[in-house]
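Student: Input: one structure, supplied below.
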Amino acid sequence: MLHYQFFTLFLWSFLRLLKVSTRKRKKFAKENRAKTDELVSADSEGNGGWGDDDPSVFLMTIGTRLQGDYQLTNGYGPIKAPQIMKEHYSTYIVENDFEFISKNGLDAVRIPVGWWIASDPTPPKPYVGGSLIALDKAFQWARKYGIKVILDLHAAPGSQNGFEHSSSRDGFVEWGQTDDSIKETVDVIDFLTARYAKNPSLFAVQLINEPLASGVSLETVTKFYRAGYDAVRKHSQTAYVVLADRLGSGNVKELFPLASELSKPVVDVHYYNLYSSIFDNLTVEQNIEYVYNNRTRELNDILTANDAPLILIGEWVAEWQVRDATKEDYQRYADAQLKVFGRATFGWAYWTLKNVNRYWSMEWMINNGYIKL
Ligand SMILES: *[C@@H]1O[C@H](CO)[C@@H](O)[C@H](O)[C@H]1NC(C)=O
Ligand SMILES: *[C@@H]1O[C@H](CO)[C@@H](O)[C@H](O)[C@H]1NC(C)=O
């Protein structure tokens, strides 16, 4: 909950973009792209046409899609970014937040971190130092208030899903394409587990968040999961190891055979009534019914599988595409999700604790009586 508070509202439009223009993006990938940490170029001469297959023709959107730690620090630059991030780290999540969590019936936090935390205080440009100290503090407070921590590697080098929450430079999925990027990621897991293994609050290590199925094969992620699992076990026999479902795989159970070979495995799934056109025109009642019926069916299917590991619903939110919903509507919608997701065998995590959008903020929802635990 420290870094990536602004889970994108633009995810869906981005998914669509990925879908319609795969061919164009492949071309774009070869000839126009981020070449270094500071340079994005569009230097293809193209073929003289205006067709979708011409790499000199592409859509560039700045301001909505280009978000996340990379854009933030790169955008502010080497003088201003460290000041802004320092201010953010020291004021955004503070000890009071852990007190709030413990007083309101929550017993764990899922903390997303970026891969560059392992080279703090001097991470590669444009990232700035300070995230490791923030995480150290979070662990101290977690211990003090008896809160469990699920440490979640949310951004892997090269980006595992192209979204801003994995700190993508340019929307591409480059993670996993080389053995180096996998090794580098395993080293981050090794570093983090070694650092916090002795803290009784370290409850679970999530090896990666939301690898995108269209960019990361099951084979690649399996290879990484095996190595990442070994890195955790080098330092901790007790921490659970969380494997994330591939975003868009359509088959959470694809990870079950691998999980059954491991000790204390958990599989993480994310449920949003968002990011798919099936939710576009649903009413309040239809959304709530969807949770009680369709999600229950989906969840039953994975919970009752023969080789089912523990299941974490690592992200959900009481936000939807309904306009002008009343407070009571939100309460019933949140309540439905709490009831259904409460059956997940490893638990659930709300995205997020604090957010500029009130319904995405667990703190606001609790303080204003929308969510009761
Ligand atoms: C939702 O409703 C709008 C307006 O009636 C319509 O244009 C659109 O196609 C609908 N979307 C879906 C996914 O049914
Ligand atoms: C929910 O499940 C029902 C019954 O299988 C199905 O008819 C319906 O289309 C599903 N709802 C949505 C929004 O996909």
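The values are calculated or read from the model by the stated rules, or taken from the named source; none is laboratory data. Here the structure is a predicted model, which is why all the values come from computation and not from measurement. Cβ: placed from backbone, ideal geometry, glycine included. Neighbour counts: every protein chain shown. These area figures cover heavy atoms from the full protein model, side chains too; ligands, DNA and RNA do not enter into them. Shrake-Rupley method; radii C 1.70, N 1.55, O 1.52, S 1.80 Å.
Student: If I compute solvent accessible area with a 1.4 Å probe over the protein chains, what percent of it on the chain is carbon and sulfur? Write down the numbers at each step before the final one.
Tutor: Numbers: 8780 of 17020 Å².
So the carbon and sulfur contribution to the accessible surface is 52 percent.
Student: Rounded to the nearest 0.05, what FRET efficiency is calculated for Asn368 and Tyr272 with R0 set to 22 Å and r the Cβ-Cβ distance?
Tutor: Numbers: r = 21 Å, r/R0 = 0.96.
The pair Asn368/Tyr272 has a calculated efficiency of 0.55.
Student: Apply the Karplus curve 6.51 cos²θ - 1.76 cosθ + 1.60, θ = phi - 60°, to the phi angles in the stretch 364-373 and return the couplings in whole Hz, x for Gly and Pro.
Tutor: With coefficients 6.51, -1.76 and 1.60, one gets 5, 4, 6, 4, 9, x, 7, 10, 10, 9 Hz.
Student: I would also like to ask the following. Given a Förster distance of 22 Å, report the FRET efficiency between Asn357 and Asn294 from their Cβ-Cβ distance, rounded to the nearest 0.05.
Tutor: On the way: r = 25 Å, r/R0 = 1.13.
Taking R0 as 22 Å, the efficiency between Asn357 and Asn294 is 0.35.
Student: Something else now. When DSSP assigns beta bridges and you keep just the ones with both residues in the chain, what percent turn out antiparallel, to the nearest 5?
Tutor: Around 15 percent of the beta bridges assigned by DSSP in the chain are antiparallel ones.
Student: In whole Hz and in residue order, list the ³J(HN,Hα) couplings for the stretch 107-113 that follow from phi through the Karplus curve 6.51 cos²θ - 1.76 cosθ + 1.60, θ = phi - 60°; x for Gly and Pro.
Tutor: Result, rounded to whole Hz: 10, 8, 10, 9, 10, x, 10.
Student: Could you check the spin-label model distance between Leu282 and Ser263? Points 7 Å from the Cα along Cα→Cβ, value in nm.
Tutor: 4.1
Student: Please give the contour-minus-distance gain from Tyr92 to Asp179: 0.36 nm per residue of separation, less the Cα-Cα distance, rounded to one decimal in nm.
Tutor: Result: 27.7 nm gained on full extension.
Student: What's the extension gain from Trp50 to Gln321 if we count 0.36 nm per residue and subtract their Cα-Cα distance?
Tutor: Length gained between Trp50 and Gln321: 94.0 nm.
Student: Give the relative contact order (percent, whole number) for the stretch 89-367; include only Cα pairs under 8 Å separated by 6+ residues.
Tutor: Result for the stretch 89-367 is 12 percent.
Student: Do the sum for the chain: with -39,500 (n - 2.57) for every DSSP H run of n ≥ 4, divided by all residues, what is the mean residue ellipticity at 222 nm, to the nearest 500 deg cm²/dmol?
Tutor: After summing the helix terms and dividing by residue count, I get -12000 deg cm²/dmol.
Student: Tell me whether the chain comes out rounded, prolate or oblate; compute the Cα gyration tensor, take square roots of the eigenvalues as a ≥ b ≥ c, and use a/c under 1.5 as the rounded threshold.
Tutor: rounded
Student: Using amide H atoms built in the peptide plane, which far-off residues or other-chain residues are under 5 Å from Leu312 H to H?
Tutor: Val267, Asp268, Val269, Phe346
Student: For the chain, what is the accessible area per residue in Å², given a 1.4 Å probe and the full set of protein chains?
Tutor: Working: 17020 Å² over 373 residues.
Roughly 46 Å² per residue, with all protein chains present.
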